[in-house]
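Read-outs throughout are calculated quantities, based only on the coordinates presented, and are distinct from any laboratory measurement. Since we're looking at a predicted model, the values are computed, not measured. Cβ placement follows ideal geometry from the backbone for every residue including glycine, while neighbour counts extend to all protein chains displayed.
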Amino acid sequence: MRYEQIGEVIGGTPLIRVDALLPEAARAKGIHLFAKVELLGPTGSIKDRTAKALIDDLLFKGLLTPGKELLEPTSGNTGAALAVHAAARSIPLTLVMPANVTEERRAFVRALGATIIDSPADQGSNGAVLLARAMAKADAKYVSPDQYSNQANPKVHEVTTAPEILTDLPEVDVVVAGLGTGGTATGLARFFAREKPSVKIWAAEPMPGEKVTGLRSLEDGFTPEVMETELLAGRVLVNSRDSIMAARALARSSGILAGPSTGATLAVALRVARDAAPNSNIVFIACDAGWKYFSAGLGDGNLDEMEDALEGDVFWW
Ligand SMILES: Cc1ncc(COP(=O)(O)O)c(C=O)c1O
């Protein structure tokens, strides 16, 4: 394969059958389980697609012209992916993140040439959003893609992620995605409502008060503009511990090392499998790579300590 720049190496991720994770009763009913392995992109997450789509959208609308700079409050997957795409296209990028974000993540985006502005650690992600908004207001050179309200976010899943699933598995019956911005779930739901309405889209959502890195509870009081929950078959609540344990089980039984939000989608897929009709084909989104969470103990750390480590880690989407 030959490309003009690394940012073109997006999508086309594989579906991998992981039936070994299903209970024997489900396997006996002819149910199959597939992981859509999004962690294989340039920064190891589904946000590789989103970041490209957001930048393409700003360029298409003529908002990102020479002299302008990208500005986004994120220290997580979107920040990493924006850093790759911005570097590949020589676009200056500033990321606003709380001062206590781990050195691993700072080093990653700095290595790609992004500028980091610290927001007060004690104000968490909200403090970073406020500071980024104030900066954008004060200086017209900044352009913010804002994945929470930008329709380019769900659209990229409607035109790439979803059709890839249908092409690779025309017999698909269920797809499970995690709810972060809601871009993935909404895009999938829009596509399947049109192209194969029998397909049910379920969303994995953290239980109120539980942290599953990358996902958000709608009970937190903020529903992103791009999220259309009425298109979903339903939202299933998962806790942090089950998400971590499912991610570990996936790694050990299939060799796919993914993060806690993948564990959450897998946990929901297994619940759906319990009541699914015979011969159902269930897909769950493997959102990001597990190596991003080693310092939090994903591999073999003590579960209580890992929950505590991720508790402070509220800023990953
Ligand atoms: C690790 C991880 N999993 C899942 C998601 C959910 O994706 P979306 O924002 O499309 O809902 C995100 C991003 O928000 C994420 O960073």
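Given the residues Asp168, Asp139, which is the only one that is more than 16 Å from the ligand (Cβ to nearest atom) and surrounded by fewer than 15 Cβ atoms within 10 Å (Cβ to Cβ)?
Step by step, each of Asp168, Asp139 is checked, and only Asp139 is more than 16 Å from the ligand (Cβ to nearest atom) and surrounded by fewer than 15 Cβ atoms within 10 Å (Cβ to Cβ).
Sort out which residues of segment 163-211 are among the charged types (D, E, K, R), out of contact with any helix residue (DSSP H, G or I) (no Cβ under 6 Å at 6 or more places or on another chain) and more than 19 Å from Ala273 (Cα to Cα), and write them in order of number.
Our first condition is that a residue be among the charged types (D, E, K, R); within segment 163-211, this holds for 164, 168, 171, 173, 190, 194-196, 200, 205, 210-211.
Next, only the ones that are out of contact with any helix residue (DSSP H, G or I) (no Cβ under 6 Å at 6 or more places or on another chain) stay: 164, 168, 171, 173, 194-196, 200, 205.
Residues satisfying the conditions are Glu164, Asp168, Arg194, Glu195, Lys196.
Based on what the data block shows, is Val109 within 15 Å of the ligand (Cβ to nearest atom) and not basic (Lys, Arg)? Spell out how you get there, then give the answer.
Numbers: within 15 Å of the ligand (Cβ to nearest atom): yes; not basic (Lys, Arg): yes.
Against the criterion (within 15 Å of the ligand (Cβ to nearest atom) and not basic (Lys, Arg)), Val109 qualifies.
Looking at this structure, is Ala246 farther than 21 Å from Gly187 by Cα and touching an Asp or Glu at 6+ places or on another chain (Cβ under 7 Å)? Reasoning before the result, please.
Details: farther than 21 Å from Gly187 by Cα: yes; touching an Asp or Glu at 6+ places or on another chain (Cβ under 7 Å): no.
So Ala246 fails the test.
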Query - Per-region count, segment 178-214, residues within 12 Å of the ligand (Cβ to nearest atom), under 21 Å from Lys155 (Cβ atoms) and assigned to a loop (DSSP other than H, G, I, E, B) - result: 5
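Select from segment 1-36 the residues that are under 22 Å from Ala83 (Cα atoms), without any contact (Cβ under 8 Å) to a residue 24 or more places away in the chain and not in a loop (DSSP other than H, G, I, E, B) and list them in ascending order. It would help to see each step written out before you state the result.
Of all residues in segment 1-36, those under 22 Å from Ala83 (Cα atoms) come to 2-13.
Then keep just the ones that are without any contact (Cβ under 8 Å) to a residue 24 or more places away in the chain; that gives 2-4, 8.
The answer is Glu8, and nothing else.
Yes or no, residue by residue, for (1) within 12 Å of the ligand (Cβ to nearest atom); (2) surrounded by 24 or more Cβ atoms within 10 Å (Cβ to Cβ); (3) part of a loop (DSSP other than H, G, I, E, B):
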{"site": "Met245", "(1), (2), (3)": "no, no, no"}
{"site": "Ala249", "(1), (2), (3)": "no, no, no"}
{"site": "Thr262", "(1), (2), (3)": "yes, yes, no"}
{"site": "Thr265", "(1), (2), (3)": "yes, yes, no"}
{"site": "Arg271", "(1), (2), (3)": "no, no, no"}
{"site": "Ala277", "(1), (2), (3)": "no, no, yes"}
{"site": "Phe294", "(1), (2), (3)": "no, no, no"}
Report summary line: Apart from one, (1) crowded, with 24+ Cβ neighbours inside 10 Å; (2) away from the ligand (no atom under 15 Å from the Cβ) all hold for Ala51; the odd one out is (2)
Query raised in the report: Among the residues of segment 72-108 satisfying the criterion of being farther than 18 Å from Ile55 by Cβ and hydroxyl-bearing (Ser, Thr, Tyr), which is farthest from the chain's Cα centre (by Cα)?
Result: Thr102
